[in-house]
Amino acid sequence: MNDFPDGTVWLVGAGPGDPELLTRKATRLIGMASVIFHDALVGPGVLELAAPDARILHVGKRSGRHSKDQSTIDRLIVEAALAGERVVRLKGGDPAIFGRATEELEACCTAGVAVSICPGVTAASAAAASLGVSLTLRGLARKLTFVTAHVRAGEPLDLDWSDLADPAATLAVYMGKAAAGDISRQLIAAGLRGDTPVALVESASLPTEGQFLTRLDLLPLVARTALGDGPALLLIGAALRGALPLMARTNVAIGEACAFAA
Ligand code: SAH
C-alpha cells in the first residue's frame with residue numbers, strides 16, 4: 001500500500017511536542033515526506049524524524065508574529081504538490097482543532113491535489129494527562145467544550161458566555177493567555193463561581209512544561225505573573241479539582257500565594 005505517492009499532501013498532527021506522543025502513522029509520514037511545512041508549535045524532536053534529504057520549511061504563526069499568512073501557506077503547499085513533492089503539512093496538536101485545516105484542504109481540492117489528514121493528540125488531552133485528571137467527570141462534568149480565545153487585533157472577544165459558564169462542563173481554552181482576564185470576568189459575570197478550579201498548563205509534554213493550579217477569580221493574576229513564552233492551555237471546571245493532590249505533591253500551586261499578593 002502506498003498512501004503517500006508523489007504529488008500528494010498529508011495534514012499531519014504533530015501532537016503537543018513530545019515526539020513519543022506522535023502516532024505511528026504520523027512518524028511514518030514525516031519520514032516519507034520530501035518536504036515538510038511546519039508550525040512554530042511543532043517540537044524540535046518531531047522534526048528530527050524527517051528524512052535526511054527532506055526540505056523542512058518553517059511557516060509558523062505565533063500570535064502577533066505572523067511570518068506567513070494563511071493564503072501564502074496554502075499556495076506553497078499546493079505548488080510543492082503540483083511539482084511532484086510528497087508534502088507533509090505538520091501542525092501542532094490535532095490538525096482539525098484550531099488548525100486552519102479547512103483552508104488547506106480546500107486549497108488542495110481546488111487545485112486537484114489529493115490530501116488526507118492524520119490526527120494528533122490535542123493540547124487539551126496532553127494537558128489533562130500531565131495533570132493526571134480526566135476532562136470529563138461522571139455526574140459533574142458531562143460536557144467538554146473546546147474554545148479559542150484568539151481574536152484579530154483590535155476586535156473584542158465575542159463568545160457566548162452564558163453558554164460557556166456551565167458548571168457541569170469542562171472548558172478547554174486554546175490561545176487564551178492574553179484573554180485570561182476577560183475570560184475570568186465574563187465567566188463569573190455569567191454565573192460561574194469564583195472558586196471554580198482552573199489549571200493552566202504551559203508547554204504540555206515538553207521538558208519546559210509548567211502547571212499552575214488556581215481558581216477562576218485568581219486566573220488573571222496567575223496568567224499574568226506565572227506564565228512564560230510557551231503555548232498555554234486553560235482548563236476550567238469541577239473536573240480540575242482532581243488535580244489538587246498533584247498540587248500538594250509537586251508544589252506548583254500558586255493560587256494561595258496569589259491570594260496574598262492580590
Ligand atoms: N491544533 C492544536 C491547537 C492549535 S491553537 C491542538 O490540537 O492542540 C494553538 C494553541 O494550542 C496554543 O495557543 C495553546 O493554547 C494550545 N497549545 C498547543 N500546544 C500546546 C502545549 N504543548 N501546551 C499547552 N498548550 C498548547
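The values are calculated or read from the model by the stated rules, or taken from the named source; none is laboratory data. Please read these numbers as outputs of a predicted model, since none were measured by experiment. Cβ: placed from backbone, ideal geometry, glycine included. Neighbour counts: every protein chain shown.
Of the residues that make up the range 205-220, is at least one touching a Cys at 6+ places or on another chain (Cβ under 9 Å) and not aromatic (Phe, Trp, Tyr)?
Within the range 205-220, the first condition is being touching a Cys at 6+ places or on another chain (Cβ under 9 Å), and the residues that meet it are 214, 218.
In the following step, the residues that additionally are not aromatic (Phe, Trp, Tyr) were identified as 214, 218.
For the range 205-220, residues touching a Cys at 6+ places or on another chain (Cβ under 9 Å) and not aromatic (Phe, Trp, Tyr): present.
Going by the conditions given, is residue 82 outside the structural domain of residue 163 (by TED's automatic domain parsing) and away from the ligand (no atom under 12 Å from the Cβ)?
Working: outside the structural domain of residue 163 (by TED's automatic domain parsing): yes; away from the ligand (no atom under 12 Å from the Cβ): yes.
Taking the combined requirement at face value, the residue satisfies it.
Given the criterion β-branched (Val, Ile, Thr), within 15 Å of the ligand (Cβ to nearest atom) and either in contact (Cβ under 8 Å) with a residue 60 or more places away in the chain or crowded, with 17+ Cβ neighbours inside 10 Å (or both), identify the matching residue among 151, 133, 115.
133
Under the condition of being hydroxyl-bearing (Ser, Thr, Tyr) and surrounded by fewer than 22 Cβ atoms within 10 Å (Cβ to Cβ), which residue from the range 206-234 is nearest to the ligand (Cβ to nearest atom)? Even if it seems obvious, please write down each step before you answer.
Quick first cut of the range 206-234, residues hydroxyl-bearing (Ser, Thr, Tyr) only: 208, 214, 225.
Keeping just the survivors that are surrounded by fewer than 22 Cβ atoms within 10 Å (Cβ to Cβ) gives 208, 225.
On the way: 208: 9, 225: 18 Å.
Applying the filter and picking the extreme gives 208.
Could you look through the range 194-205, keep only residues that are more than 14 Å from the ligand (Cβ to nearest atom) and part of a loop (DSSP other than H, G, I, E, B), and pick out the one that is farthest from residue 238 (Cα to Cα)?
My answer is 194.
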